[in-house]
Amino acid sequence: MELSPYFLKLLVAKTQPTCRLGKNKSIFQNRLLHIVSLLNQTERDIMAFQEKIVLNPIGFVKTEAVGDEVKDKSRISQIILNSVFIQALDGITGFSHIFVIFYMSQIPEDKRMILKVHPRGRMDMPLLGAFATRTNLRPNPIGLTLVELLKVDSNILTVRGLDAFDGTPILDIKPFDPWDNAEKARVPDWWLKLNEEKR
């Protein structure tokens with residue numbers, strides 16, 4: 001809510017009788033302007049949280065995997081890109097792996113505000129905030145997976161290890177390079193336990 005200069009002058013004039021003249025008047029006006037500034041900032045913050053973002057898919061997933069089969073990292077699937085983006089693929093075959101960013105459209109609305117979960121759904125794991133896990137139950141169900149790029153044929157990318165269902169909308173793809181590695185990455189104890197169990 002932006003206050004016009006006219007309204008500010010009127011507000012100051014209306015409140016002047018409650019203030020002494022001279023220095024106190026100046027202090028009051030400065031404080032009043034500060035309060036109005038804070039109100040304007042609060043209004044902008046609220047509007048930022050309410051702002052809608054519209055993303056258009058660049059393609060979709062094609063796979064025969066169903067259910068937990070999508071978790072198989074050896075499974076091969078395809079990304080069917082909108083043909084208008086073919087030129088954006090120039091040079092991508094120079095990379096062996098790519099990040100695939102996709103929209104998990106099968107997550108129902110009522111599951112997107114589950115803010116605390118057990119990793120992997122295991123009750124022996126600590127109850128954590130969704131943002132501290134890789135759960136698919138998120139306010140914005142966006143998936144991110146590193147996959148091996150096997151082949152590019154026109155607008156079709158063949159990849160290995162994409163854990164997304166058939167028809168899943170693709171939002172973006174980005175090449176992977178060694179700069180994405182964190183040399184001194186730290187992970188919690190529960191993750192180390194899960195990783196040890198995978199061996």
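The values are calculated or read from the model by the stated rules, or taken from the named source; none is laboratory data. In this text the structure is predicted, and so the values were computed from the model without any measurement. Cβ atoms come from the backbone with ideal geometry, glycine included; neighbour counts cover every protein chain shown.
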Top-ranked residue of segment 147-199 - restricted to ones that are modelled with pLDDT under 95 and of a type in the set (Lys, Arg), ranked as surrounded by the most Cβ atoms within 10 Å (Cβ to Cβ) | 193
Which pairs have Cβ atoms under 6 Å, sit 6 or more apart or on different chains, and link a residue in segment 130-141 that is in the same structural domain as residue 114 (by TED's automatic domain parsing) and loosely packed, with under 14 Cβ neighbours inside 10 Å to one that is modelled with pLDDT under 90 and assigned to a loop (DSSP other than H, G, I, E, B)?
-> 139/112
Quick one: residue 85 ticks every box in (1) modelled with pLDDT under 95; (2) under 23 Å from the mean Cα position of the chain (by Cα); (3) exposed (fewer than 15 other Cβ atoms within 10 Å of the Cβ) except a single one, so which number is it?
-> (1)
